[in-house]
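Asker: Dropping the structure in here first, questions after.
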Amino acid sequence: MRLAIALLVLGTLAGCSTKYDLSGADWKKSGTMVQDITYDEMECVRDAREAGWTPDLVVGGLVDVARYVVEERQRTGAYHRCMLSKGYQPS
């Protein structure tokens, strides 16, 4: 029963994970070609990958689920800050 609940929670959170659209359609900057936007998006994704970190408490269960949510928010925030620092605005 615990395994079923854990799988249900993780399955639900999987839909909440950060998804990066690297097509160049989510951000705009005047005078910038789509290829340049995509390149900058890829750089920001690489930077954001390193941003999501929380200490592993070795407790497991719902604590790990909460850690995962916090890490995803950190990554999303780092990605958005990176794109904004490069002069882009969300579309």
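Values quoted throughout were computed directly from the atomic coordinates according to the rules given, and no laboratory measurement underlies them. A quick note: this is a predicted structure, and the numbers were derived from the prediction, not measured. Here the Cβ is made from the backbone with ideal geometry for all residues, glycine too, and neighbour counts use every protein chain on show.
Asker: Once you put a point 7 Å from the Cα of Tyr39 and another 7 Å from the Cα of Val58, both along the Cβ direction, what distance in nm separates them?
Answerer: 4.6
Asker: Still on this model: Give the long-range amide H neighbours of Trp27: residues separated by 5 or more places, or on another chain, with amide H under 5 Å away, using H modelled in the peptide plane at 1.01 Å from N.
Answerer: Ser91
Asker: Restricting to DSSP loop positions (anything but H, G, I, E, B) with no more than 16 other Cβ atoms inside 10 Å of their own Cβ, which trypsin sites (Lys or Arg not before Pro) remain in the stretch 41-91?
Answerer: Values: sites: Arg46, Arg49, Arg67, Arg73, Arg75, Arg81, Lys86; in loops: Lys86.
Those satisfying the criteria are Lys86.
Asker: Using only C-alpha atoms and all pairs of different ones, pull out the Kirkwood radius for the stretch 33-91 in Å with one decimal. Intermediate values should be presented prior to the final figure.
Answerer: Values: mean 1/r = 0.0791 Å⁻¹.
12.6 Å is the Kirkwood radius here.
Asker: Starting from the Cα of Thr32, move 7 Å in the Cα-to-Cβ direction to define the label point; list residues of the stretch 70-91 whose amide nitrogen is under 14 Å from there.
Answerer: Counting backbone N atoms under 14 Å from the label point, the list is 79-91.
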